[in-house]
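Here is the structure we will look at, set down as structure tokens.
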Amino acid sequence: VQLQAYGGGLVQAGGCLRISCDVSGRTIRTYDMGWFRQAPGKGREFVAAITWSGGRTYASDSVKGRFTVSRDNAKNTVYLQMNSLTPEDTAIYHCAADPRRAGATPNEYDYNYWGQGTQVTVSS
């Protein structure tokens, strides 16, 4: 299975951006999906996740109320809508797939498959 995140870019603080992740090689219904990010000099951080059916989502405290994860299983795509962006949101954003469907887990070790990532830069 391959994951490809895209849609990142440069945005001003307070702005919004939607990034996407296409899954190929197997139907996305097989997986819970997660978004993680990594800023320069920092470790990987959980952002948000969604169960295979879309029935449950989970977001980290740092993005709750600003970011929304969703999916379109017919398109084999998962999305991350990011609003009210701040410079602290600057990072490479990766999508990941959990085949065991642990329930929108924030634990990166539950995710077997990872995409290359897309850069999001928020200017002040």
Legend entry - Average silhouette area of the chain, convex hull of alpha-carbon atoms, in square nanometres: 6.6 nm²
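Under a Cβ-only charge scheme (Lys and Arg +1, Asp and Glu -1), can you give me the dipole magnitude of the chain about the Cα centre, in debye to the nearest 20? Working shown, then result.
Details: 13 positive and 10 negative charges, 54 e Å.
Once rounded to the nearest 20, the dipole reads 260 debye.
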Inset, instruction - At 1.4 Å probe size, with every protein chain present, just tell me what the per residue accessible area of the chain comes to in Å². - result: 49 Å²
Legend entry - D (Stokes-Einstein, µm²/s), Kirkwood Cα radius, the stretch 2-43, 1.002 mPa s at 20 °C: 168 µm²/s
Legend entry - Lone cysteines, the chain (no partner Cβ under 4.7 Å): CYS16
Legend entry - Extension gain (nm, one decimal) between ALA102 and CYS16, 0.36 nm per residue minus Cα-Cα: 28.0 nm
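The values are calculated or read from the model by the stated rules, or taken from the named source; none is laboratory data. Because the structure is a prediction, the values reported are computed rather than measured. Neighbour counts run over all protein chains shown; Cβ positions are idealised from the backbone, glycine included. Just the protein is used for accessible areas: all its heavy atoms, side chains included, with ligands, DNA and RNA removed. Shrake-Rupley method; radii C 1.70, N 1.55, O 1.52, S 1.80 Å.
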